[in-house]
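J.: Mind looking over this structure? Questions follow.
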Amino acid sequence: MEYDFRSIEQKWRNNWRENQTYKVSEDNSKKKFYVLDMFPYPSGAGLHVGHPLGYIASDIYARYMRHQGWNVLHPMGYDSFGLPAEQYAIQTGQHPAITTENNIARYREQLDKMGFCYDWNREVRTSDPSYYKWTQWIFKQIFESWYNKDTDKAEPISSLISKFEENGNYGVNAAMEDDWYTKIDKSKFFFSEKWEGDFSDTDWRSMSNEQKELILMNYRLTYLADSMVNWCPALGTVLANDEVKDGRSERGGHPVEQKLMRQWSMRITAYAQRLIDDLEKIDWSESIKEIQRNWIGRSEGASVKFMVEGSAYEIEVFTTRPDTIFGVSFLTLAPEHELVSLITTTECKSAVEAYQNAAKLKSERDRQSDVKNISGEFTGAYVIHPFTGDKVPVWIGDYVLAGYGTGAVMAVPSGDQRDFDFAKKFNLPIPNILENTDISEKAEPSKEIKLVNSSFLNGMVYKDAVKKVIEELEKLGCGKGKINYRLRDAVFSRQRYWGEPIPVSYEGEVPMVAADSALPVILPEVDKYLPTEEGEPPLARAQDWKYDRNTMPGWAGSSWYFLRYMDPQNNDAFVSREKADYWGQVDLYMGGAEHGTGHLLYSRFWTKILFDLGFIGFNEPFKKMINQGMILGRSSFVYRIQGTNKFVSFDKKDEFDTQALHADISLVDNDVLDTEAFKNWLPEYRDTEFILNEEGKYICGTEVEKMSKSKYNVQTPDELVEKFGADTLRCYEMFLGPVEQSKPWDTKGINGVHNFLRKLWRLYHNQANECSVSDETATKAELKVLHKTIKKINDDLNRFSWNTVVSTSMIAVNELTDLKCNKREILEPLTILISPYAPHLAEELWERLGMKGSVTVAAWPEFNASYLEDDAFDYPVSFNGKTRFFISLPTTMEKDEIEKAALSHEKAAQYLDGKTPKKVIVVPKKIVNIVA
RNA sequence: GCGGGCGUGGCGAAAUUGGUAGACGCACUAGACUUAGGAUCUAGCGCCGCGAGGCGUGGGGGUUCGACUCCCUCCGCCCGCACCA
């Protein structure tokens with residue numbers, strides 16, 4: 001009888017469930033630690049071996065911290081609203097709630113098999129009404145807030161209304177929609193008795209309710225507005241910027257087009273600066289911080305207004321190089337820019353409209369791939385240069401993006417390559433404003449060159465010129481310093497069924513948010529999950545539906561779920577302030593880096609709002625994050641000889657003209673194909689013939705690819721758990737390499753890890769499989785193994801290096817086997833040390849040793865350095881009485897051996913003084929330190 | 001183009017503060033054992049060389065007594081962003 005993982009794991013799973021071993025509660029006498037995994041979307045395919053990688057690592061860490069005496073919150077749940085369940089519903093008519101329920105059951109089964117120590121009492125599901133009630137409630141709070149730029153935080157809308165009642169909006173410094181499509185310059189729109197300018201409107205108090213609401217809509221942190229959105233016709237919904245990759249939808253890869261639609265948006269732009277600044281406060285990888293910084297895209301510069309000649313219109317541009325303003329030779333507007341139709345002269349009208357239409361027809365993707373093709377059209381209009389008074393022609397061109405800055409640029413061909421190319425193509429002037437610089441071939445963007453032909457900026461370089469020119473622009477009132485962000489407000493409406501209803505009804509144009517008592521607004525039943533014939537979203541099919549017909553995006557529920565785990569059953573609040581204060585930030589967040597611009601940004605955003613409004617006491621959700629790498633599949637290939645049903649082994653395939661086809665990896669063992677199983681796999685292969693190699697085997701070719709059903713390379717954890725046990729799988733996944741790294745899945749090494757666990761088992765059991773632990777006192781050598789292991793495992797876990805933790809355990813077990821050590825004194829602590837990777841096994845052994853109580857509350861063994869005292873690894877080597885270098889040697893070496901080793905460094909020492917040292921003195925480091 | 005990361009045996013990798021490079025595991029080789037197991041045990045396993053010895057962490061250079069580690073440069077790979085004004 002050997003290590004019987006099946007019965008051990010079964011037994012402990014039941015034990016944990018019956019005893020609620022992993023249930024946690026708030027306990028003020030203990031320090032808290034919050035370990036969280038990104039919760040999964042329960043897809044129909046179930047878990048593959050890539051999913052658990054991060055779960056295993058965080059589970060190990062959670063156990064470790066629990067052993068160390070921390071009160072550890074380690075929950076799991078499901079991000080259960082989403083597209084696949086809805087698409088499945090459209091195809092089959094099955095309600096997405098049922099699909100989701102089934103998938104969750106499957107996930108749960110798989111997760112349980114792997115022995116995770118989650119507190120399932122705290123499970124959350126975003127699609128559960130008791131959960132999305134609070135998603136809707138948070139939406140309400142955001143709706144009832146505005147962003148005060150003076151206090152630099154969100155405040156309840158009531159504080160804004162008091163300001164309005166007092167002074168109107170004069171002097172109100174709020175974050176507002178910065179969207180040129182609407183073309184309302186809100187900085188000039190005032191309703192106040194104190195305002196004496198031209199645009200004064202009526203007094204706040206005398207306005208109708210509807211008027212008030214429409215004004216407030218411009219201030220709310222979530223607002224309804226006509227915005228240019230990514231419309232995906234194939235999916236029938238709008239998408240947020242982060243859901244679009246290369247002009248196609250991230251899910252499904254369907255084309256996406258730009259469309260003006262009335263939509264809910266979240267004013268994330270108000271938080272742009274804080275989202276950048278607070279990255280400094282969190283322990284995330286540099287790469288993911290950088291992804292967020294790029295996405296927010298802060299750039300410093302100036303906005304400059306150009307008056308259109310002979311009209312009252314003015315064109316505002318954003319530039320990062322206001323210092324080059326004397327090099328402007330034309331302006332370019334995005335073809336969609338609203339002013340285009342208003343300023344274009346009659347002679348140019350038809351050409352400009354043709355260009356606009358052509359641009360409209362181009363998809364975002366075509367436009368991007370057409371980058372090298374310079375195109376544009378003259379509008380016939382001119383603007384006046386604010387300093388020189390020169391006439392500057394206004395062009396349109398699709399190299400100017402509608403969605404960035406103001407959708408208009410001042411073109412400086414001498415300094416910007418795109419402007420240069422445009423000028424060359426259309427024969428526009430290229431004035432040189434750079435001292436001693438040849439710009440006949442290309443633009444020169446350097447900031448170090450002195451300016452010439454630039455009036456009051458002559459002789460200055462960028463750094464000084466920018467300050468000066470902004471000063472002058474402000475004096476003239478036609479420009480100012482400005483920080484521009486690439487980040488856009490986040491579109492919040494989705495024309496879909498399987499999501500949270502937006503708890504808003506309408507009275508005319510005015511949105512009325514539902515009362516708290518009306519929450520949750522339950523997702524209604526519909527006859528079909530498709531849009532109506534009129535193109536209305538699926539919710540329009542619901543009977544007597546009086547709310548908004550859109551639903552919330554997938555990221556709504558996932559932006560705050562980590563808070564709900566703290567207080568999952570609370571019916572009076574999304575989380576009580578007390579519990580939120582106790583558990584606080586997530587101390588360790590484990591998940592994929594692919595959410596860099598989505599979930600991770602939106603959760604930070606919502607956390608900051610909830611912090612500003614005083615619901616929670618921290619403004620960053622995830623203190624430390626580790627991004628596990630993707631586990632790639634290792635596909636197997638068979639080689640069919642063209643036009644036949646003969647398949648040739650990989651090592652002989654070059655003798656034939658072959659076609660590579662995927663073979664299911666379950667038919668392949670160590671790259672050898674089970675030919676009989678292959679014949680029975682798919683009907684088309686029934687009559688296959690094989691050309692085998694010399695050894696009579698059919699060898700498959702391999703390739704590393706993303707795991708996918710169509711490539712037949714998906715490895716489910718279930719099969720491996722069945723074959724080797726959960727502990728082996730867990731250890732093996734950790735042993736594959738650094739958790740952050742992407743790596744191909746390869747089961748070749750799994751035996752080694754399995755054997756390690758068997759070896760551990762044998763330390764406790766004799767050949768008859770009887771527990772055979774002795775109470776003899778451990779020897780010094782044995783204690784040394786133990787304490788070296790404790791130290792190393794502590795160190796490795798504290799630097800989140802799970803793979804070396806497993807290695808260290810293997811070394812320890814090897815050494816104890818060599819010492820034939822089965823002393824209780826050693827094995828008990830060793831068991832706890834190894835338990836993070838082999839929980840079931842450790843606990844089984846623990847019980848067989850007759851220990852009382854639960855392992856999860858047992859203390860992690862203390863490291864005792866005294867056992868390593870004479871095991872000083874670093875010996876300084878002295879020549880001529882001077883310490884020259886250190887060598888690391890094991891203490892088991894005799895003194896003359898050490899000297900011999902040191903002497904081998906003589907050559908190195910020769911470089912020091914040019915001569916061979918006479919004497920080598922070797923002393924332990926510690927003594928040297930004391931002398932010094 | 002910009003930004004981030006990486007490059008070590010046949011393979012996955014380790015080396016934590018600049019100090020014995022390749023721990024641990026896989027694969028492989030030879031042997032032992034056996035109630036034949038996906039078992040265990042012993043020995044070997046970076047490259048060249050019979051050997052002494054020499055070489056070796058992508059290439060080249062530098063700092064240092066000493067470099068996988070720090071600096072410069074080139075090459076290669078991965079990831080993110082990209083007509084962002």
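The values are calculated or read from the model by the stated rules, or taken from the named source; none is laboratory data. Being a predicted model, the structure only gives us computed values, none of them experimental. Because the Cβ atoms are built from the backbone with ideal geometry, glycine has one as well, and the counts that use them run over all protein chains shown. For the accessible areas, the whole protein counts, side chains as well, though only heavy atoms, and no ligand, DNA or RNA atoms are used. Shrake-Rupley method; radii C 1.70, N 1.55, O 1.52, S 1.80 Å.
J.: Residue check: is residue A:389 on the phi > 0 side of the Ramachandran plot and away from RNA strand B (no atom under 15 Å from the Cβ)?
T.: Answer is yes for this residue.
J.: Of A:582, A:561, which residue is in contact (Cβ under 8 Å) with a residue 12 or more places away in the chain, open to solvent by less than 10 Å² (accessible area, probe 1.4 Å) and among the hydroxyl-bearing types (Ser, Thr, Tyr)?
T.: On the way: A:582 fails: open to solvent by less than 10 Å² (accessible area, probe 1.4 Å).
Every option except A:561 fails the conditions.
J.: Taking the options A:347, A:338, A:353, name whichever one is open to solvent by 60 Å² or more (accessible area, probe 1.4 Å) and in contact (Cβ under 8 Å) with a residue 40 or more places away in the chain.
T.: Residue meeting the stated conditions: A:338.
J.: Name the residues in the range A:491-507 that are of a type in the set (A, V, I, L, M, F, W, C), open to solvent by 10 Å² or more (accessible area, probe 1.4 Å), part of a strand (DSSP E or B) and at pLDDT 95 or above, would you?
T.: Scanning the range A:491-507 gives no hits.
J.: Further, regarding this structure: Which of the residues spanning the range A:794-837 are closer than 19 Å to residue A:752 by Cβ, of a type outside the set (S, T, N, Q) and open to solvent by 20 Å² or more (accessible area, probe 1.4 Å)?
T.: A:810, A:811, A:815, A:818, listed by residue number.
Condition check ((1) farther than 21 Å from residue A:308 by Cα; (2) polar (S, T, N, Q); (3) surrounded by fewer than 17 Cβ atoms within 10 Å (Cβ to Cβ); (4) near RNA strand B (Cβ under 7 Å from one of its atoms)) across all residues:
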position: A:417; (1), (2), (3), (4): yes, yes, yes, no
position: A:420; (1), (2), (3), (4): yes, no, no, no
position: A:427; (1), (2), (3), (4): yes, yes, yes, no
position: A:438; (1), (2), (3), (4): yes, no, yes, no
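J.: Okay, next question. Is the range A:366-382 home to any residue that is open to solvent by 30 Å² or more (accessible area, probe 1.4 Å), at pLDDT below 95, closer than 30 Å to residue A:454 by Cβ and touching a Phe, Trp or Tyr at 6+ places or on another chain (Cβ under 7 Å)?
T.: Yes: the range A:366-382 contains one or more residues that are open to solvent by 30 Å² or more (accessible area, probe 1.4 Å), at pLDDT below 95, closer than 30 Å to residue A:454 by Cβ and touching a Phe, Trp or Tyr at 6+ places or on another chain (Cβ under 7 Å).
J.: Just need a number here: residues in the range A:1-42 that are part of a loop (DSSP other than H, G, I, E, B), within 32 Å of the chain's Cα centre (by Cα) and surrounded by 18 or more Cβ atoms within 10 Å (Cβ to Cβ).
T.: Counting residues in the range A:1-42 that are part of a loop (DSSP other than H, G, I, E, B), within 32 Å of the chain's Cα centre (by Cα) and surrounded by 18 or more Cβ atoms within 10 Å (Cβ to Cβ) gives 7.
One line per residue, one yes/no per condition, for (1) of a type outside the set (A, V, I, L, M); (2) surrounded by 15 or more Cβ atoms within 10 Å (Cβ to Cβ); (3) at positive phi; (4) assigned to a helix (DSSP H, G or I):
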site: A:278; (1), (2), (3), (4): yes, yes, no, yes
site: A:292; (1), (2), (3), (4): yes, yes, no, yes
site: A:300; (1), (2), (3), (4): yes, no, no, no
site: A:307; (1), (2), (3), (4): no, yes, no, no
site: A:317; (1), (2), (3), (4): no, yes, no, no
site: A:324; (1), (2), (3), (4): yes, yes, no, yes
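J.: Filter the range A:46-74 down to the residues that are in a loop (DSSP other than H, G, I, E, B) and touching a strand residue (DSSP E or B) at 6+ places or on another chain (Cβ under 7 Å), then identify the one that is surrounded by the most Cβ atoms within 10 Å (Cβ to Cβ).
T.: The residue in question is A:74.
J.: So residue A:826 fits all but one of (1) within 13 Å of residue A:760 (Cβ to Cβ); (2) of a type in the set (A, V, I, L, M, F, W, C); (3) at pLDDT 90 or above; (4) within 15 Å of RNA strand B (Cβ to nearest atom); what number is the exception?
T.: (4)
J.: Might you let me know whether the range A:707-721 holds any residue that is of a type outside the set (Asp, Glu), open to solvent by 50 Å² or more (accessible area, probe 1.4 Å) and near RNA strand B (Cβ under 8 Å from one of its atoms)?
T.: no
J.: Also, I was wondering about something else. Only residues that are touching a helix residue (DSSP H, G or I) at 6+ places or on another chain (Cβ under 8 Å), free of Cβ contacts under 8 Å to residues at least 40 places away in the same chain and either among the small types (Gly, Ala, Ser) or open to solvent by 70 Å² or more (accessible area, probe 1.4 Å) (or both): list them for the range A:508-526, please.
T.: The answer is none; no residue qualifies.
J.: Identify, by number, the condition in (1) in contact with a Gly (Cβ under 6 Å, 6 or more places away or on another chain); (2) open to solvent by 40 Å² or more (accessible area, probe 1.4 Å); (3) not small (Gly, Ala, Ser) that residue A:484 doesn't meet.
T.: Unmet for residue A:484, out of (1) in contact with a Gly (Cβ under 6 Å, 6 or more places away or on another chain); (2) open to solvent by 40 Å² or more (accessible area, probe 1.4 Å); (3) not small (Gly, Ala, Ser): (2).
J.: If you don't mind, there's one more thing I want to ask. Among the listed residues A:732, A:712, which satisfies the condition of being under 29 Å from the mean Cα position of the chain (by Cα) and touching a residue at least 24 places away in the same chain (Cβ under 8 Å)?
T.: Going through A:732, A:712 in turn, just one is under 29 Å from the mean Cα position of the chain (by Cα) and touching a residue at least 24 places away in the same chain (Cβ under 8 Å): A:712.
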